[in-house]
Amino acid sequence: MERLDKILANTGRWSRREVRELVRAGRVTVDGTVAAAADGKCDPAAAFAVDGVPISGERLVYLMLHKPAGLISATEDPQKATVLELLPPHLRRVGLFPAGRLDRDTEGLLLLTNDGPLAHRLLSPRWHVDKTYFVRTDGPLSEADRAAFAAGLVLEDGLRCLPARLELLKGDGALVTLQEGKYHQIKRMTAARGRRVVYLKRLSMGPLALDPALEPGQWRPLSEDERTALRAAAKNG
């Protein structure tokens, strides 16, 4: 149980003083009942509403973003636009960060959350959470490339990559599935095989697949089923 003003202030939408003013004006309800006091104790899982608009009291936030090219996967940068700039102000005040970076010119699925332990497990090779990407190269990859990916490439700088799955598609496209996320990894692996990546898009992270209804730059909260599946993947990897 926590104070009502603390729960609502943690959403990033209001300060505690503003919550107290909303409560005094009778604009806040908890489980359908008008809140009597801002310092009253509530269950964070209760049904909160302000002016009739439902407000989640959960501290942990999970968003699916279709990252467009041109933005960096960071919380802030003095020179370049970041993915957090796509969010409304109140969501930029709750400690969200990208769970796994995508290069500036890479598109696709990006999980934004403030759940540090979950993000760590999703990204750690120890937990074997697959990340799948669509890649287009400047020429077709081959069966020999598929075998090299599966064996685990050693890059020019000595980095040994974990075995990766390469599925060849028609033309110059392929699907690459990794269990890790080293710096520019797919680009470097492809370069080691004599090809250059011309387009890269992340399609999935474990059980979480990019929503085809999201256009580049759009986002939505994860559903309860999606959150449950991610937690299970991070726990059982």
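For region 33-51, residues that are of a type in the set (G, A, S) and surrounded by 18 or more Cβ atoms within 10 Å (Cβ to Cβ) total 2.
For region 119-148, the candidate set comprises residues that are among the hydroxyl-bearing types (S, T, Y) and within 25 Å of the chain's Cα centre (by Cα); within that set, the residue that is nearest to E180 (Cα to Cα) is S124.
When only residues in region 43-83 that are aliphatic (A, V, I, L, M) and over 19 Å from the mean Cα position of the chain (by Cα) count, which is modelled with the lowest pLDDT? Give the steps one after another, and end with the answer.
Keep residues of region 43-83 that are aliphatic (A, V, I, L, M), which gives 45-47, 49-50, 53, 55, 60-61, 63-65, 69, 71-72, 74, 81, 83.
This time we only want the ones that are over 19 Å from the mean Cα position of the chain (by Cα), so: 45-47, 49-50, 53, 55.
On the way: A45: 81, A46: 88, A47: 89, A49: 92, V50: 93, V53: 85, I55: 85.
Within region 43-83, the match that is modelled with the lowest pLDDT is A45.
Which residues, taken from region 143-154, are in contact with a helix residue (DSSP H, G or I) (Cβ under 9 Å, 6 or more places away or on another chain) and surrounded by 14 or more Cβ atoms within 10 Å (Cβ to Cβ)? Of everything in region 143-154, those that are in contact with a helix residue (DSSP H, G or I) (Cβ under 9 Å, 6 or more places away or on another chain) and surrounded by 14 or more Cβ atoms within 10 Å (Cβ to Cβ) turn out to be D145, A148, F149, L153. The set of residues in region 183-210 that are under 23 Å from the mean Cα position of the chain (by Cα), closer than 21 Å to G158 by Cα and part of a loop (DSSP other than H, G, I, E, B) comprises Y183, H184.
Failed condition for P140, given (1) touching a residue at least 24 places away in the same chain (Cβ under 8 Å); (2) closer than 30 Å to E58 by Cβ; (3) in a loop (DSSP other than H, G, I, E, B), with all others met? The failed condition is (2). Does any residue of region 3-19 turn out to be touching a residue at least 60 places away in the same chain (Cβ under 8 Å) and of a type in the set (S, T, Y)? Yes - at least one qualifying residue is present in region 3-19.
The residues listed here are L159, L153; of these, the one that is of a type in the set (A, V, I, L, M) and modelled with pLDDT under 90 is L159.
Each row is one residue, and each column tells you yes or no for (1) surrounded by 20 or more Cβ atoms within 10 Å (Cβ to Cβ); (2) at pLDDT below 95; (3) out of contact with any Leu (no Cβ under 8 Å at 6 or more places or on another chain).
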{"residue": "H184", "(1), (2), (3)": "no, yes, yes"}
{"residue": "M189", "(1), (2), (3)": "yes, no, no"}
{"residue": "R195", "(1), (2), (3)": "yes, no, no"}
{"residue": "Y199", "(1), (2), (3)": "no, no, yes"}
{"residue": "G206", "(1), (2), (3)": "yes, yes, no"}
{"residue": "L210", "(1), (2), (3)": "yes, no, no"}
{"residue": "E215", "(1), (2), (3)": "no, no, yes"}
{"residue": "Q218", "(1), (2), (3)": "no, no, no"}
{"residue": "P221", "(1), (2), (3)": "no, yes, no"}
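When V23, V30 are checked against the criterion of being free of Cβ contacts under 8 Å to residues at least 24 places away in the same chain, surrounded by 12 or more Cβ atoms within 10 Å (Cβ to Cβ) and not polar (S, T, N, Q), a single residue qualifies: V23.
Residues of region 1-33 that are of a type in the set (A, V, I, L, M, F, W, C) and assigned to a loop (DSSP other than H, G, I, E, B): M1, W14, A25.
The values are calculated or read from the model by the stated rules, or taken from the named source; none is laboratory data. Since the model is a prediction, treat every value here as computed from it, not as a measurement. Cβ coordinates were reconstructed from backbone atoms using ideal geometry, including for glycine residues, and neighbour counts include every protein chain displayed.
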